[in-house]
């Protein structure tokens, strides 16, 4: 059973550039959430996608955007990169059953983004 | 809004010592509570969870009890091993399945 996968593993960009990170959820999961983890900190929620729509969003600027595809995979896009965007970006997947509370989130290994 | 407070690290213990990492939370409604572990250079792994008051989550010798009266979810293990060295995160989900994390507690276990 494949877990959550993310690509690429590492990425180096310069200020002002744009970046796209990719995530494939765990088999059977339909919801993808993205988190930013700065060095030495806990992950911060960016947004969550379900049924190809952004369902919930954290306190991140519009430079952060995303997409979910019909196969439930997802992309995170960050425009106009700043030095402060350097972090580990984590994707988590879960299954939402309309009849009960959302299931546990399972995390991928993350993408380490360095902005120079 | 929701928040999680956990004890500062690093925590350094000798192998076979007892571990307690304190975690308290603030949330509206009835959140689910989690402990995640992060090994060096890796993503987060779910360690255990509890979904309602008085539930005890347990896994790999670790356990934590959901205490609504004290809004706490302390992580405990009776005998730690060197392989338990990692960063431990307490977290909760409120409405919408968004996870709110604490800042993490680094555990170092020495021989």
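The values are calculated or read from the model by the stated rules, or taken from the named source; none is laboratory data. The structure presented is a predicted model; accordingly, all values stated were derived computationally and were not measured. Note: ideal-geometry Cβ built from the backbone for every residue, glycine included; neighbour counts use all protein chains shown.
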Revision key, fill the gap. How many residues of region A:21-42 are out of contact with any strand residue (DSSP E or B) (no Cβ under 8 Å at 6 or more places or on another chain) and either part of a strand (DSSP E or B) or within 11 Å of another protein chain (Cβ to nearest Cβ) (or both)? The answer is 2
Check your understanding: Of the conditions (1) under 13 Å from the mean Cα position of the chain (by Cα); (2) within 25 Å of residue B:16 (Cα to Cα); (3) surrounded by fewer than 21 Cβ atoms within 10 Å (Cβ to Cβ), residue B:103 fails just one. Which one is it?
Key -> (2)
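Of all residues in region A:43-54, which are closer than 16 Å to residue A:73 by Cβ and facing another protein chain (nearest Cβ under 8 Å)? Break it down into steps so the answer makes sense when it comes.
Taking region A:43-54 first, the residues closer than 16 Å to residue A:73 by Cβ are A:47-54.
If the condition is that a residue be closer than 16 Å to residue A:73 by Cβ and facing another protein chain (nearest Cβ under 8 Å), then A:48 is the only one that fits.
Quick one: is residue A:97 more than 15 Å from residue A:54 (Cα to Cα), more than 8 Å from every other protein chain (Cβ to nearest Cβ) and modelled with pLDDT of 95 or more? Working first, answer last.
Details: more than 15 Å from residue A:54 (Cα to Cα): yes; more than 8 Å from every other protein chain (Cβ to nearest Cβ): yes; modelled with pLDDT of 95 or more: no.
Here the answer is no, as residue A:97 does not meet what is asked.
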Check your understanding: Is it the case that residue A:56 is surrounded by fewer than 17 Cβ atoms within 10 Å (Cβ to Cβ), free of Cβ contacts under 8 Å to residues at least 60 places away in the same chain and assigned to a strand (DSSP E or B)?
Key -> yes
Practice item. Give me a count of the residues in region A:1-20 that are more than 12 Å from chain B (Cβ to nearest Cβ), under 21 Å from residue A:96 (Cβ atoms) and modelled with pLDDT of 95 or more. Key: 0
Review point. Taking region B:101-111 as the search range and keeping residues that are more than 24 Å from residue A:58 (Cα to Cα) and assigned to a strand (DSSP E or B), which one is farthest from the other protein chains (Cβ to nearest Cβ)?
Key: B:110
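Residue-by-condition table, conditions (1) under 11 Å from the mean Cα position of the chain (by Cα); (2) under 14 Å from residue A:105 (Cα atoms):
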site	(1), (2)
A:30	no, yes
A:46	yes, no
A:56	no, no
A:61	no, no
Practice item. Determine whether residue A:74 is touching a residue at least 12 places away in the same chain (Cβ under 8 Å), surrounded by 13 or more Cβ atoms within 10 Å (Cβ to Cβ) and farther than 18 Å from residue A:41 by Cβ. Key: yes
